[in-house]
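The values are calculated or read from the model by the stated rules, or taken from the named source; none is laboratory data. Since the structure is predicted, the reported quantities are computational estimates derived from the model, not experimental observations. Ideal geometry is used to build each Cβ from the backbone, glycine not excepted, and the neighbour counts take in all protein chains shown.
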Amino acid sequence: MDVKACIFDLDGVIVDTAKYHYLAWKRLAEELDINFTEEDNEELKGVSRMDSLDIILRKGKKEISQEKKEELAARKNEWYLEFVNEMKPGDELPGARHFLDTLKENNIKIGLGSSSKNAKLCLSLLDMTDYFDVIVDGTMITKAKPDPQIFLMGAEKLSERVENSIVFEDAIAGIESAQNGGFKVVGIGDAKILDKADIVRSSLAEVSLDELKSLNNPK
Ligand code: G6P
Ligand code: MG
């Protein structure tokens, strides 16, 4: 395919904040006496803050008021931000910065498609904001992944066609979101978990531009 734009999820693709989301949710779950494992956490990846809380509460069979939910979600976010605020340039995932440099050198547009309301803060702490021609984050979307809205909005803002754009995702909900929008998608993480992606690599350090160009070609 003619690769003209790449749209990246943030948490778990550019930076390992997926780990911090997990630790903060686990702390909250423990306070609520709900068992919450790393396997349970896969279901939360790519999912909005409130939807994530609902999944945890459902797992623990707890029903609570909207007001209490808001309070719990805010508390989780405070714990999450304690980790995030320690981040500095160099803390991005292996190969992320180098891969973005390669895209820039090849005049390929770069977009962010993250459900997180903290996405801009994370990019700024990593000093990576300037790589992105367009940022779509959790403050801008009305439909959560696996709805394709976030990536379609990204392609539109980049003025690129879906057929010429590739999405990079570490979450099952994110891969579905991209595919629902008609995008080719590179899974970043475990091939056993992300088996629906077109290709899966353990990190951006393992992705080459040439293999992206051959994504559409029958093997
Ligand atoms: C990303 C992460 C999710 C997180 C969501 C909202 O999609 O993968 O784990 O729940 O963003 O993040 P926020 O920072 O707004 O709570
Ligand atoms: Mg992610």
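It is to be established whether one or more residues within region 50-66 are within 16 Å of ligand 2 (Cβ to nearest atom), part of a loop (DSSP other than H, G, I, E, B), surrounded by 12 or more Cβ atoms within 10 Å (Cβ to Cβ) and small (Gly, Ala, Ser). No. When you look at Gly90, is it small (Gly, Ala, Ser) and away from ligand 2 (no atom under 13 Å from the Cβ), yes or no? In short, yes.
Scanning region 112-124 for residues that are under 12 Å from the mean Cα position of the chain (by Cα) and either more than 14 Å from ligand 2 (Cβ to nearest atom) or of a type in the set (Lys, Arg) (or both) gives a single hit, Lys117. Within region 148-183, being among the acidic types (Asp, Glu) and buried (at least 22 other Cβ atoms within 10 Å of the Cβ) holds for Glu169, Asp170. Annotation note: of Leu121, Leu100, Leu125, the sole residue that is at pLDDT 95 or above and in contact with a strand residue (DSSP E or B) (Cβ under 7 Å, 6 or more places away or on another chain) is Leu100.
Are any residues in region 1-35 under 17 Å from Ser202 (Cα atoms) and among the aromatic types (Phe, Trp, Tyr), and if so, which ones? The one that is under 17 Å from Ser202 (Cα atoms) and among the aromatic types (Phe, Trp, Tyr): Phe8. Exactly one residue out of Ile141, Ile135 is without any contact (Cβ under 8 Å) to a residue 60 or more places away in the chain, in contact with a Lys or Arg (Cβ under 7 Å, 6 or more places away or on another chain), outside the structural domain of Met50 (by TED's automatic domain parsing) and surrounded by fewer than 22 Cβ atoms within 10 Å (Cβ to Cβ): that is Ile135. If you go through region 15-45 and pick out every residue that is in contact with a strand residue (DSSP E or B) (Cβ under 7 Å, 6 or more places away or on another chain) and farther than 12 Å from Ala73 by Cα, you end up with 3. Within region 111-122, residues that are in the same structural domain as Val162 (by TED's automatic domain parsing) reach partners that are within 10 Å of ligand 2 (Cβ to nearest atom) and among the basic types (Lys, Arg) with beta carbons closer than 7 Å, at six or more positions or on different chains, in the pairs Ser115/Lys145. Determine, yes or no, whether Val13 is in a loop (DSSP other than H, G, I, E, B), touching a residue at least 40 places away in the same chain (Cβ under 8 Å) and more than 10 Å from ligand 1 (Cβ to nearest atom). Considered against the rule, which asks whether it is in a loop (DSSP other than H, G, I, E, B), touching a residue at least 40 places away in the same chain (Cβ under 8 Å) and more than 10 Å from ligand 1 (Cβ to nearest atom), Val13 comes out as no. Looking across region 25-49 at every residue that is within 14 Å of ligand 1 (Cβ to nearest atom), assigned to a loop (DSSP other than H, G, I, E, B) and touching a helix residue (DSSP H, G or I) at 6+ places or on another chain (Cβ under 9 Å), the one that is farthest from Asp11 (Cα to Cα) is identified as Phe36.
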